[in-house]
Amino acid sequence: MRNRRDWFVDIALFLFAVVFSVVTADSVRPDENMSGGEQIADQVACGLACALVFLRRRWPAQLAVVLMLAGTYFHYLTGATLVTLFTVAVHRQRRVTAWLAAVALVQFLVFLARGPDTGSKATSSALTYFALVAGAIGWGLYVRSRRALVASLKERAARAADMARRQAREEIAREMHDVLAHRLSLLSLHAGALEFNPNAPARDIQHAAEVIRDSAHQALQDLRDVIGVLRAPTAGPDGGEGGPQPTLADVGRLVAESREAGMRVTYQQEAVDADTLPAVTGRTAYRIAQEGLTNAHKHAPESEITVTVSGRPGEGVTVTVMNPLPGSRTGSRGTIIPSAGQGLIGLGERAQLAGGRLEHGPRDGSFVLRARLPWGCTKAMGR
């Protein structure tokens, strides 16, 4: 079905064929002594050819062949022939266009083989015809290539947009996990302690309840911060989100919170000056240490955990979180928090974006999480 634009184009090309035939009528007539019947036949053929322009969308190649062959006997078909050749070059396969170009070339060679008179009007008219045919095919191929280029650019833009949306979703997932998993693991740890020891002294129960409340409030605040960042129209400085950003110096606070929850954590910072460490690298190291502590909360809540951050300019930064492998899935504080492994996947992606690498797995009876980062991370996400 033709839409309004198709009808507009078809009518415009029909008028072009008609006007072209009228304007060039005197120049293409090879014999001024044509009989009246021959002139009428030429004019009828011209009108029919112009009307056939409306069928060019369904049978462009067939119409082009018919018009090119009929043009050998009739003199006013050039406009319609040019339109159909242009349509074939734009919409049909290149091999079809090549076959029609070959037909035109054969006609031209036959014309030359007849030895035309170089000074005659008929020879000039024929040469002009073949030049116009070549121009119509060439212009159609140019339009086809142009449209293919535009379509390719649109496809690439669509793929880039899809990739950007996918990366944004992955970044949001990492941020939501990193921000909330640590708080909720502490909250679950305290709740498990209350469940395991309901007859604890009232002071201990009150303290645990206060910690649970504070952790829940902090988790809600962190959630509000993340949602606020997602709704913000622009990013904050250093390519990260707006608002205060965690740094390497905040790892000590993470350790203090874990100790407050009753975990045994040893923190070592070797040769790294938090003040000279690039901010993005510090935030990445913070997130890795945070996820390592979260995993330890889940799987080894009563084990000795060691967090080590070391490095210097030119050598990069290494973050290591190590805890003994649990002997069972249940500890004295209750059931261990379930895990889907998304945190390690997110950390691997974060380390890769930072230009580093992540290693994790059992080693000598302990589970070791180690990330090696370059001193300056330019891609890692801020929060």
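What follows draws every value from the coordinates through simple rules; no lab data is involved. In this text, all values refer to a predicted model and were calculated from it rather than measured experimentally. When we count neighbours, we look across all protein chains shown, and the Cβ atoms used for this are built from the backbone with ideal geometry, even at glycine.
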Counting sequence-distant residues (5 or more places) and residues on other chains, those with an amide H built under 5 Å from that of TRP375 are GLY314, GLY316, VAL317
Need the full-extension length gain, ALA41 to ALA202, defined as separation in residues times 0.36 nm minus the C-alpha distance. One decimal, nm. 46.7 nm
With bins 5 Å wide starting at 0, give me the P(r) of segment 146-221 over every alpha carbon pair, in whole percents. 3, 14, 14, 12, 9, 8, 7, 6, 6, 5, 5, 4, 3, 2, 1, 1, 0
So the FRET efficiency between MET1 and LEU48, C-beta based with R0 = 35 Å and rounded to 0.05, is 0.90
For segment 72-139, alpha-carbon Rg and Dmax in angstrom: 12.6, 39
Per residue of segment 275-291, in order, report the coupling 6.51 cos²θ - 1.76 cosθ + 1.60 (Karplus, θ = phi - 60°) as ³J(HN,Hα) in whole Hz, putting x for Gly and Pro. 6, 9, 6, x, 4, 5, 5, x, 5, 5, 4, 4, 5, 5, 5, 5, 5
With R₀ set to 30 angstrom, the calculated FRET efficiency between the beta-carbons of VAL19 and TRP59, to the nearest 0.05, is 0.80
Give a residue-ordered list of calculated ³J(HN,Hα) values for segment 258-265 (Karplus: 6.51 cos²θ - 1.76 cosθ + 1.60, θ = phi - 60°; whole Hz; x for Gly, Pro). 5, 5, 4, 7, x, 8, 9, 10
Local charge sum around PRO60 (other residues, Cβ-Cβ under 13 Å, Lys/Arg +1, Asp/Glu -1)? +4
For segment 37-196: span of alpha carbons on each principal axis (Å, largest first): 111, 29, 19
